[in-house]
Amino acid sequence: MITSMLKLKTTECEPTNHSDPDPDPEESTAEKTKGMTVIDLGNASQVLYMSRFLSYQDSWDYFHYLDKNIHWTRPTIRVFGRSCIQPRDTCYVASEGLPDLVYSGYQPRAYSWNEFPPLREILDLVHKALPGSKFNSLLLNRYKGGNDYVGWHADDEKLYGPTPEIASVSFGCERDFFLKKKPAKRNGDDPPSKRTKKNNDSDQHSFVLKHGSLLVMQGYTQRDWVHSVPKRVKAGAVRINLTFRLIC
Ligand SMILES: O=C(O)CCC(=O)C(=O)O
């Protein structure tokens, strides 16, 4: 139950062209327990997915609270040596006394959890769903429509340690989330046939991140894989995503 905010009027989100209610990724490698699908990526990397982590109505209440109350900004970042406007809104919340987060040449201001009580509620629910987890920071993203996106990247900043657990909660418009294995580092002496190894099916996974869903990346996922939320012309409505992280 949401205790710290008023109930707000809800609006439907425009669905994307995906109608599959639950991802059923790679049945052979996916295991389902208590609504949680576990996808073993191999080499001690795995992803968990729960399509109905939060109820539909609570998720809309959180969506409207976040859309209205978070101090969203669209910073200038540096990508491949060039400055550009980040193609989505962002905000950062972290516990006091942690080292600063810097990504793509940008150091976001860290807001306090105390400013946003509903974020603490969601954090508590994530901790309950993932026994043993202890997140202390949160990067928020708002995708205003299908032109907003996040390109291929890994959350492999040193301050998260070698095997970060990252818990991602989604609200609003459904969007695709892709995972792709990083190319293996090859020895320069390898013959050309070895240098042009093609990815196979188990090197890519895709999810449709539902309103109220939870996706968790664990183990060596950030070391060995990259992820993205690509542009989607037909995704006309707003999506808000929260990624909870632990700064060591
Ligand atoms: O919006 C998402 O689902 C992914 C966000 C993301 O990749 C990130 O914040 O690093």
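Here, each number is a calculation from the coordinates, and none is a lab measurement. All figures in this text were calculated on a predicted structure; none of them were measured in a lab. Here the Cβ is made from the backbone with ideal geometry for all residues, glycine too, and neighbour counts use every protein chain on show.
Worth pointing out:
- Amide H to amide H, with H built 1.01 Å from N, L246 comes under 5 Å of N136, E165, counting only residues 5 or more places away or on other chains.
- Translational diffusion of segment 58-132, estimated by Stokes-Einstein from the Kirkwood radius over alpha carbon pairs at 10 °C in a medium of 1.306 mPa s, is 111 µm² per second.
- Protection proxy ranking, highest mean first, for peptides 62-71, 76-85, 153-162, 95-104: 62-71, 153-162, 95-104, 76-85, where packing is the per-residue count of other beta-carbon atoms within 10 Å, averaged.
- Label-point gap, in nm, between R223 and A154 - each point 7 angstrom along Cα→Cβ: 0.9
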